[in-house]
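For reference, the structure discussed in these notes is given below.
The values are calculated or read from the model by the stated rules, or taken from the named source; none is laboratory data. Remember, it's a predicted structure, so these values are computed and weren't measured experimentally. Cβ: placed from backbone, ideal geometry, glycine included. Neighbour counts: every protein chain shown. Accessible surface is based on the protein model in full, side chains and every heavy atom, while ligands, DNA and RNA are left aside. Shrake-Rupley method; radii C 1.70, N 1.55, O 1.52, S 1.80 Å.
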Amino acid sequence: MGILLDAETRVCVVGITGGRARADTERNLAYGTRIVCGVAPGRRGQRVAGVPVYDSCAEAAADHRIDAVIAYLPPRVYRSALDDILAVGPAWVHVVTEGIPLHDNVAGLAAARAAGVRLIGPNTSGIITPGQAKVGFLGHATWLMSPGRVAVLSRSGGFTHDLAYLVSQAGYGVSTAVAIGGDAVVGQSFADLIELCEADPGTDAVVMYGEAGPALEHQVADAIAAGRFGKPVVALIAGDFLDDHERGSVFGHAGAFLEGPDTRAAAKRDVLRAAGAYVATSVDDIPGLLRAAGVPRNQQ
Amino acid sequence: MHALTEEALKARLSTRRVRVPEHAVIGATDDVEALAGRLPGPTMVKALVPLTDRARRGLVVRAADPGEAATAARAMLGSTVAGHRVDRVLVEELAPDGTEYYLAAGFDYAHGVPVLLFGPGGSGVEGRAAPRRIPFAMADPGGLAALPEPLRPVARALVEEFLDLRAKLVELNPVRVGPAGAIVLDAKAALDPDVPAPAGAVEVGVPDEADRRLRELARSLPGGTEVRFGRLDGTVGLISAGGGVLAIVHDALRRHGLRPANFSDVSGGSATTELLGAVAGEVLALRPEGILIVTGITSSISVTGFAEAMVAALAPLRDRPDDERPVIVARMAGPDEADAARIMGALPHCVAVGRDTAVDSAVALLADRIVARRGDGNPA
């Protein structure tokens, strides 16, 4: 079990002929991911690691059922390529691309919402359901996490590895790990994903890593308080150091108006704690908090 | 990151029929008296630098007449405030009294939608209740009917500018509404670094020479690796592979009463190791009392290659007297971390740990060693 991705999920890789995508595809196929097709305009008929390549998602969808898309898109073609992806109606699209202009990012999110497609990212590293499937470049070091029943949701793609390793070493294992993206605006929020975790019988708890900035954690607190999430949440929120520095030299206060009610790491921790989440002060606290929450360790 | 300064944005707004005060822009080599004399009445004199709180910094001054305006302008020109040199000042006529409003267009980051912000304006806006948020669709901005009538054309122009510039935020504060209509007294735009900057944009922040050198090196190398570096005011040098652990590291330093001497982020591409070596050289030049070398758990770089680069870059430490050598903790996490630890052993006062030491525990170890070193000179 797990959320979003399992061994049966049929994945299309958009931008599959690029260096990063090609390398990830080879490793993810070897891991067991069911990558059924790829897209790269002008490359129809080629194969990458045996995966057939099409000019567009529309063309690929004529030959393959596509459940999900992992997208490596140059920022300049992001919007048009995303429209092509959304038109074939995958359950989700995971956008690896970094450096997408904010206006294009927000317009893309609006288009995804209108199409009923979950957009994860942009600027993220991937999803892994250990032992079943992975996309992107999350979990290439396959030794670092074991299958289990704790979901890991993280703002940082790189730090997802550290969290997954810690959770695995502590004897819990990971149901699914998702890097939600590091941009100021991201598609699927923590709150969106914990609701999937609530519905997943293979997930007993969530470990989440957030940072000071846009107030995504307040939505988690709201979901817990409203009873939409009843499993334990262990949260680590970093970014206290920002309190020591002057905020952006141009738009300090207006930026704060736009980021949300109180975007300091300490305020986020307070909100989560008040809602009933287990709040870690440091990385090392996490295993103890999972124990305190009564989360069962792996029986495997 | 770039921003548009006040006069550049006001010039753009003027082309959209938004009223702004009569003004003159004076540069360091201009005839200050002649330009100030074009505006015969009382004026405001403002330094054109991308800083908040210009009034608090003495960079916005009211002048009773052209003579006072010229004096104020001369005092500002050539000065340096918070690292920004004042090369130009704006002198503009005082606007008639009226009600002041705050108007901005930006994004609600948590919900990923564009919003118009509207509320009482003027100085100290941050101390008041948060302005009202009016979401709008980028394809068809609406919602302007909720605003007072004289503000609607200004808000329309604001949204058009926001969309044209593809800006992160455009802010007008205050917009003063009097009997003659609305007039924009101050305006700023924060631009998206992922969008080409328009004409008239200025760089925000003080350029860092080390950052410039490293970026040039990154551009000269194949592989598309990106690097950022900045000098901070502490004594712990940071060399980090990947940005994911940065916030954890900085917070952990803070908990242990330490402050970083720099920030650095090397990520992506295939020239990571070479750039990390260059970062180490810059850190060494800061003469920190401690150095933290850290990777998250990753398979994207070889930590033995990373360790070799660190040993090469930090080799000059061997030539320093022992009491001038920083204590070093290297947290290198990867399948080859044991080999990396062996390599790092070539550096004086270096302890290497691997993935079973969490990032903030590595910081704790460094803090303990720094405290011991301060106490009796022995970091062991």
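Overview of results
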{"read-out": "Close pairs (8 angstrom Cβ cut-off, 6 or more residues apart or separate chains): more than 12 Å from chain B (Cβ to nearest Cβ) and charged (D, E, K, R) in segment A:134-157, open to solvent by 20 Å² or more (accessible area, probe 1.4 Å) and part of a loop (DSSP other than H, G, I, E, B) anywhere", "value": "A:R149/A:D204; A:R149/A:P296; A:R149/A:N298"}
{"read-out": "Matching residues in segment B:3-50 - criterion: being farther than 19 Å from B:E161 by Cα, among the polar types (S, T, N, Q) and either open to solvent by less than 60 Å² (accessible area, probe 1.4 Å) or part of a helix (DSSP H, G or I) (or both)", "value": "B:T43"}
{"read-out": "Close pairs from segment A:263-289: first within 14 Å of chain B (Cβ to nearest Cβ), partner among the basic types (K, R) and open to solvent by less than 60 Å² (accessible area, probe 1.4 Å), Cβ under 7 Å, at least 6 apart", "value": "A:V279/A:R269"}
{"read-out": "Total residues in segment A:73-96, condition open to solvent by 10 Å² or more (accessible area, probe 1.4 Å) and within 13 Å of another protein chain (Cβ to nearest Cβ)", "value": "5"}
{"read-out": "Boolean, A:D192 is within 30 Å of B:D186 (Cβ to Cβ) and part of a helix (DSSP H, G or I)", "value": "no"}
{"read-out": "Candidates A:T176, A:T203 - the one that is more than 13 Å from the chain's Cα centre (by Cα) and of a type in the set (S, T, N, Q)", "value": "A:T203"}
{"read-out": "3 or more residues under 25 Å from B:P222 (Cα atoms): qualifying helices (runs of 4 or more DSSP H) within segment B:241-344", "value": "B:272-285, B:303-313"}
{"read-out": "Any hit, segment B:348-361, residues being touching a strand residue (DSSP E or B) at 6+ places or on another chain (Cβ under 7 Å), within 14 Å of chain A (Cβ to nearest Cβ) and either open to solvent by less than 10 Å² (accessible area, probe 1.4 Å) or among the aromatic types (F, W, Y) (or both)", "value": "yes"}
{"read-out": "Qualifying positions in segment B:177-202 - more than 10 Å from chain A (Cβ to nearest Cβ), part of a strand (DSSP E or B) and either crowded, with 23+ Cβ neighbours inside 10 Å or small (G, A, S) (or both)", "value": "B:G178, B:G181, B:A182, B:V184, B:A187, B:A201"}
{"read-out": "Residue count for segment A:201-225, restricted to those that are within 23 Å of A:G2 (Cα to Cα) and outside any helix (DSSP H, G or I)", "value": "10"}
{"read-out": "Residue under evaluation B:L246, criteria (1) open to solvent by 10 Å² or more (accessible area, probe 1.4 Å); (2) more than 9 Å from every other protein chain (Cβ to nearest Cβ), criterion not met", "value": "(2)"}
{"read-out": "Set A:V152, A:V174, A:V178, A:V220: member being farther than 25 Å from B:S267 by Cα, out of contact with any Pro (no Cβ under 7 Å at 6 or more places or on another chain) and surrounded by 22 or more Cβ atoms within 10 Å (Cβ to Cβ)", "value": "A:V220"}
